[in-house]
Amino acid sequence: DRFVRELLDLADRRLHGWAYWSYDPSGPTGWSPWNADTGQDNPLAALLVRPYARRVTGEPTEHRFDPETGVFTLAFDLDTTVAGSTEVFLPPVPYGDGFAVTVDGQPDGAWSTSWAEDRRVLSLTGIPNDGPHVLNVTPL
């Protein structure tokens, strides 16, 4: 648990994508996210399913998820010449009961969001100026 948590946090800090693979048909204390004995998720699965930025309209400078609070932070330098939206995948846990979004610490502004429930993707558009911005998503 600690090793995987630290590895995922390191990947976030370095802005690295990652994939987890384990050929371990384990019980509840193994490295596999799947318990072959029960057919259920192991506790490790909860660490592996995390929010992440799918698309950023600019250059990401920070990507962080706190599994204790459920707060996701994405800092990026917006490039208004890039078309489209910034997209963030939000898994059901911890965001199943909804979420609050702030940009640069403000709960509303010139920007807007849309939510695609079927894909679990939050889209952010309409930030009016280039430069650094911080998106925070907090579970309700």
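The values are calculated or read from the model by the stated rules, or taken from the named source; none is laboratory data. Since the structure is predicted, the reported quantities are computational estimates derived from the model, not experimental observations. Using ideal geometry, Cβ is built from the backbone for each residue, glycine included, and neighbour counts are taken over all protein chains shown. The area values use the complete protein model at the heavy-atom level, side chains included, leaving out ligands, DNA and RNA. Shrake-Rupley method; radii C 1.70, N 1.55, O 1.52, S 1.80 Å.
How big is the Kirkwood radius of region 17-140, worked out from every pair of different alpha carbons and given in Å to one decimal?
15.9 Å
If you place +1 on the Cβ of every Lys and Arg, -1 on the Cβ of every Asp and Glu, and leave all else neutral, what size is the dipole of the chain about its Cα centre, to the nearest 20 Debye? Could the numbers behind the result be given before it?
Details: 10 positive and 20 negative charges, 40 e Å.
Charge dipole of the chain: 180 debye, to the nearest 20.
Sequence gap at least 6, Cα distance under 8 Å: using those rules, report the relative contact order of region 20-140 to the nearest whole percent. Before the final figure, lay out the partial values.
Values: 239 pairs, mean separation 28.3, N = 121.
Reported as a whole number, the value is 23 percent.
Note down the accessible area of Thr69, probe 1.4 Å, to the nearest 10 Å².
80 Å²
Angle between the Cα long axis of helix 2-13 and the longest principal axis of the chain, 0 to 90 degrees, nearest 10?
20 degrees
How large is log10 I(q)/I(0) at q = 0.21 Å⁻¹ when the Debye formula is applied to the Cα atoms of region 85-134, each weighted equally and without solvent?
Taken in order of the listed q values, log10 I(q)/I(0) reads -0.79.
What are the residues whose amide H is under 5 Å from the amide H of Gly58, where those residues sit 5 or more places off or on another chain and H is modelled from the backbone?
Amide H neighbours of Gly58, under 5 Å, 5+ apart: Asp79.
What's the carbon and sulfur percent of the chain's accessible surface, probe 1.4 angstrom, rounded to a whole number?
Values: 4500 of 8320 Å².
C and S fraction of accessible area: 54 percent.
Per residue, how many Å² of accessible area does the chain show with a 1.4 Å probe?
Details: 8320 Å² over 140 residues.
Ligands and nucleic acids excluded, the figure is 59 Å² per residue.
So what J values fall out for region 62-70 if you push phi through Karplus, 6.51 cos²θ - 1.76 cosθ + 1.60 with θ = phi - 60°, rounded to Hz, Gly and Pro as x?
My calculation for region 62-70 gives 8, 9, 9, 10, 9, x, 6, 9, x Hz in order.
As a check on your grasp of the helix formula, calculate [θ] at 222 nm for the chain: sum -39500 (n - 2.57) over DSSP H runs of n ≥ 4, divide by the residue count, round to the nearest 500.
Details: 3 runs with 22 residues, N = 140.
Calculated mean residue ellipticity at 222 nm is -4000 deg cm²/dmol.
Starting from the alpha-carbon convex hull of region 35-105, give the projected area averaged over all orientations, in nm².
Working: hull surface 25.0 nm².
Orientation-averaged projected area of the Cα hull: 6.3 nm².
What span do the alpha-carbon atoms of region 1-61 cover on each of the three principal axes, reported in whole Å from largest to smallest?
45, 20, 17
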